[in-house]
Structure formats: C-alpha cells, structure tokens
Amino acid sequence: MVTSMAEQPHVLVVDDDAKIAAALRRALIYEGYQVEVAPDGQIALNRARERMPDLAILDIMMPGMDGLEVTRRLRAEGDVPILLLTAKDGTADRVRGLDGGADDYLVKPFAYEELLARVRALLRRRAPRTRRTLRYADVVMDLATREVRRADQLISTTAKEFDLLQHFMRNPGQVLRREQLLDAVWGFDFGASSNVVDVYVGYLRQKLEQGGRPRLLQTVRGVGYILKEE
C-alpha cells in the first residue's frame, strides 16, 4: 500500500500553441509535476471544474476566450495560483493581468529555469509546511529531499532513477506499459522502440535488491512492469 502526505502538484497548462504547450508539459513532468494541457480557455475551464489544479499557467493571447478572462473565471471559483504568459512587455498589460487575479506574470520568450522557479515559488506560498513522503512495503521516498530508503538503508539514485521509481510508487499494483513510463519520465525524448525503460528498471532492481531483499519491480511480459510484492 502506498501513502502520500501530499499529492504530486497538478498543473494546468493553457496555450493554443501546441509546440509551446508540449515543451511546457515536458519541462514540468521532468520536474515531477502532474500536467494537463488545454488548447483554449473554455476547455481549460471545463477541466478545472472537473478537477481544480494546484496551479494554472495561462497564455494571454488565445482565440476566443483569452487568458485574462480565464483568469477572472478561475479566480471566481477558487484560489488556484495563476501564472500568466504573454508576448506583451508593457506595464499596462502586466497591471491588467495582476489586477485580473493573476499571481505572477512572465514575458515570452522566457528561460524555462525561471518559469520553473516561479512555479515552485507559487506552490510554496500555497502548500502546507509538511514533508512529502511515499511508502510501499519497506521502501520510503522523501520527495522534498529526494532520498530513497529501503528498510532504513539509504539508496543512492540518479535523477531519472528517482523519477521512475516515484512513478511506480504512485501507481502500486498497476501494470505500467513501457510507453506510459517513457511519456511520464522521459517525455518525448525517446521513441517507443527505445529500451531505456528496461535499462533503468534494471538499475533500480540492482539497488533495491541489495542484500538479497525481495524483488518489488515485477516484469509483465510483453507489456511492461508492476510494483508488487512477490
């Protein structure tokens, strides 16, 4: 059984430019966020009503309902932090966005490092001061320090190993296809025929099974893998 003291933050990205939306999604997933993409304002509002995100990133210049209108409507329904993206750099535009209910404002083109820093800052303001921990069997993951322990023994992991294990820990007992794992951990950097998932599962097994501990990452032949006690 897995427990989490705080869910992985859910970010809603709203941009009618498919390339920008895909790049944002990939950068955010790489940082460990759940990401949902909407191509326009109305779809964004519909998805937010189904599940209010922990943070919304909105492009201002969109056909139909623009980002400012989406901001006003989201703000009327909740206190979700909102980061606006725009190509306009005028003071009046920034004032309109902030007065309309946005929490922050970023001008295109921007560095992804800055965007991610602003996302972290907005989530920190809203998040409770609790440690985030995932547990399964005798494995414990601290999402704040990015430490992994099994039976109180510290296990050293690379960034990708940690992200892959985290995805398994969030979906215990579920068969995860290689394509799902590629998308969740590596984004679109690898093709469907890549064996990178198999390689990294092998790395994790070596580390988790040190000292003769039982296997937790089981192979489902022809499909993928599952986190399950033997």
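The values are calculated or read from the model by the stated rules, or taken from the named source; none is laboratory data. Quantities reported herein were computed from a predicted structural model and do not represent experimental measurements. Reconstructed Cβ throughout: ideal geometry from the backbone, glycine too, with neighbour counts over all protein chains shown.
Among the candidates ARG150, ARG170, single out the residue that is modelled with pLDDT under 90, buried (at least 17 other Cβ atoms within 10 Å of the Cβ), among the basic types (Lys, Arg) and not assigned by TED's automatic domain parsing to the domain that holds VAL37.
None of the other options fit; the residue is ARG170.
Go through ARG124, ARG73, ARG135 for me and flag whichever is modelled with pLDDT of 75 or more and more than 28 Å from PRO172 (Cα to Cα).
ARG73
Among VAL175, VAL185, which is the only one that is in contact with a strand residue (DSSP E or B) (Cβ under 8 Å, 6 or more places away or on another chain) and within 25 Å of GLU36 (Cα to Cα)?
Being in contact with a strand residue (DSSP E or B) (Cβ under 8 Å, 6 or more places away or on another chain) and within 25 Å of GLU36 (Cα to Cα) holds for just one of VAL175, VAL185, which is VAL175.
Does the stretch 134-146 include one or more residues that are at positive phi, touching a helix residue (DSSP H, G or I) at 6+ places or on another chain (Cβ under 9 Å) and surrounded by fewer than 14 Cβ atoms within 10 Å (Cβ to Cβ)?
yes
Residue by residue through the stretch 129-181, note down the ones that are of a type in the set (Asp, Glu) and under 18 Å from TYR30 (Cα atoms). I'd like the intermediate steps shown before the answer.
At the first step, the residues of the stretch 129-181 found to be of a type in the set (Asp, Glu) are 138, 142, 147, 152, 161, 163, 179.
Hits for the stretch 129-181 are ASP142, GLU147, GLU161, ASP163, GLU179.
Take the stretch 29-75 and flag every residue that is in contact (Cβ under 8 Å) with a residue 60 or more places away in the chain, hydrophobic (A, V, I, L, M, F, W, C) and farther than 18 Å from ARG126 by Cα.
Across the stretch 29-75, the qualifying residue is only ILE29.
How many residues does the stretch 173-201 hold that are part of a loop (DSSP other than H, G, I, E, B), surrounded by 15 or more Cβ atoms within 10 Å (Cβ to Cβ) and modelled with pLDDT of 85 or more?
Result for the stretch 173-201: 0.
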